[in-house]
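Where a number appears in this text, it was derived from the coordinates with a stated rule and is not lab data. Since we're looking at a predicted model, the values are computed, not measured. Cβ: placed from backbone, ideal geometry, glycine included. Neighbour counts: every protein chain shown.
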Amino acid sequence: MTYSPTTSADQTRSFPSVLSLLSYLLAGTFFGVVLVKSEAASWYRIQEMFRFQSFHMYGLIGSAVLTGMLTTWLLRRFQARALTGQTIHVQSKDPGLPHYVFGGLTFGLGWGLAGVCPGPIFTLLGSGVWAMLIVLLFALIGTWLYGVLRDHLPH
Amino acid sequence: MMNLLTIPWPWYVGGPLIGLMVPLLLLLGNKTFGISANLRHACAILLPDAAKPGFFRYDWRKERWNLMFAAGLVLGGLLAGLVFANPEPTRLSVKAIHSLQGLGVGLHPGLVPPELLDLHRPVVWLILSLSGLLVGFGTRYGGGCTSGHAITGLSTLQFPSLVATVSFFAGGILSANFFLPLLLR
């Protein structure tokens with residue numbers, strides 16, 4: 001194996017990337033706080049939502065989508081650039097429709113039972129709900145299962 | 001002062017903050033907000049070669065940003081859910097409280113009822129593991145969860161995400177109103 005000393009170019013590339021990774025950690029921490037404070041991570045609120053017994057969660061998701069729509073439109077309108085320099089470009093979702101329906105239904109079934117979607121699984125773990133490790137473990141098993149069965153499923 | 005830090009937020013405060021995650025991640029590095037992808041990355045990291053379908057063979061290191069985001073979610077939960085936890089029970093509607101009674105679940109302070117965390121009950125293991133399995137499988141099959149489809153996908157006006165979101169709710173309404181009561185009885 002040849003020894004290749006790091007050049008100063010390599011060093012400048014790794015320094016901003018550490019800061020960059022930290023910025024995502026911070027963003028995640030912020031979102032975790034929001035999930036808890038807004039009660040989106042609350043099993044109680046999710047059950048209330050699926051029984052249409054309050055406006056809270058609908059107001060939450062609705063205002064989130066409206067905010068997202070407006071701000072994304074603004075980014076596109078002004079051809080904003082990311083901190084990394086690239087022009088911001090929104091990825092299109094994969095083609096097909098059956099997988100959105102079947103996958104969505106399956107996820108929804110799970111969501112309605114333990115009242116968690118992936119974000120709250122991590123956030124609840126952080127708040128000390130150790131039983132979420134069971135949910136997480138089986139979520140990983142479910143993910144793996146999809147990888148195994150993928151070629152046999154309609155998309 | 002502690003009161004201010006522990007009270008829950010109204011939807012019109014939390015909602016816009018959730019929505020701001022979409023442009024925030026785009027600005028930070030042209031990243032698409034979507035948490036369930038981390039389950040795929042975790043599998044890509046953890047699975048041994050012998051049990052690793054092609055779906056998990058990619059350079060997960062390019063997605064470290066999302067793994068850091070997920071680590072942040074845990075920290076956020078620690079802060080808001082433990083250090084500054086709301087000592088009051090959730091302010092549910094009257095109808096919602098009645099529904100809880102029907103499920104045999106009490107309204108206690110906290111984000112998840114203790115009845116659903118009682119690992120002495122086999123049905124709790126069933127609910128937690130089944131929920132996890134369905135969430136893991138469904139989010140990959142459907143290509144996203146609430147953050148990826150309901151928030152990001154709808155914010156970026158993508159029709160597949162509308163289909164996905166409607167499907168989420170159909171599934172959730174079914175399991176919350178029919179399957180969960182069946183399991184808890």
Per its Cα gyration tensor (rounded if a/c is under 1.5, else prolate when a/b beats b/c, else oblate), region B:1-127 is best filed as oblate
Could you tell me whether region B:23-80 comes out rounded, prolate or oblate from its Cα gyration tensor? Rule is a ≥ b ≥ c as square roots of the eigenvalues, rounded for a/c under 1.5, then prolate if a/b exceeds b/c, otherwise oblate. oblate
Where in chain A are the helices, taken as whole DSSP H runs, whose Cα atoms extend 20 angstrom or more along the long axis and whose Kyte-Doolittle mean reaches at least 0.5? A:8-37, A:56-77, A:98-114, A:132-149
Give me the inter-chain shielding for B:37-44: mean count of other chain Cβ atoms within 10 Å, whole number please. 5
For a Förster distance of 22 Å, can you work out the FRET efficiency between the beta-carbons of B:LEU126 and B:ALA170, rounded to the nearest 0.05? 0.50
Residue by residue through B:79-88, how many Cβ atoms from other chains fall within 10 Å of the Cβ on average? 5
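How big is the dipole moment of chain B about its Cα centre under a simple scheme where the beta carbon of each Lys and Arg is +1, that of each Asp and Glu is -1, and everything else is neutral? Debye, nearest 20, please.
For chain B, the charge dipole is close to 320 debye.
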Listed pairs A:LYS37/B:LYS95; B:LYS31/B:LYS95; A:LYS93/B:LYS52 exceeding 32 Å between Cα atoms: B:LYS31/B:LYS95
Checking understanding here: applying a Kyte-Doolittle mean of at least 0.0 and a length along the axis of at least 20 Å (C-alpha), which whole DSSP H helices in chain B pass? B:64-78, B:122-141, B:159-174
Residues of B:2-15, mean number of Cβ from any other protein chain within 10 Å of their own Cβ, rounded to a whole number? 5
Where Rh denotes the Kirkwood radius from the mean inverse Cα pair distance, what is Rg over Rh for the protein assembly as shown? 0.98
Measure out, as a whole number of angstrom, how far apart the alpha-carbon centroids of region A:56-97 and region B:29-60 sit. 23
Where does each of B:135-144, B:94-103 land if you order them by average Cβ count within 10 Å, highest first? B:135-144, B:94-103
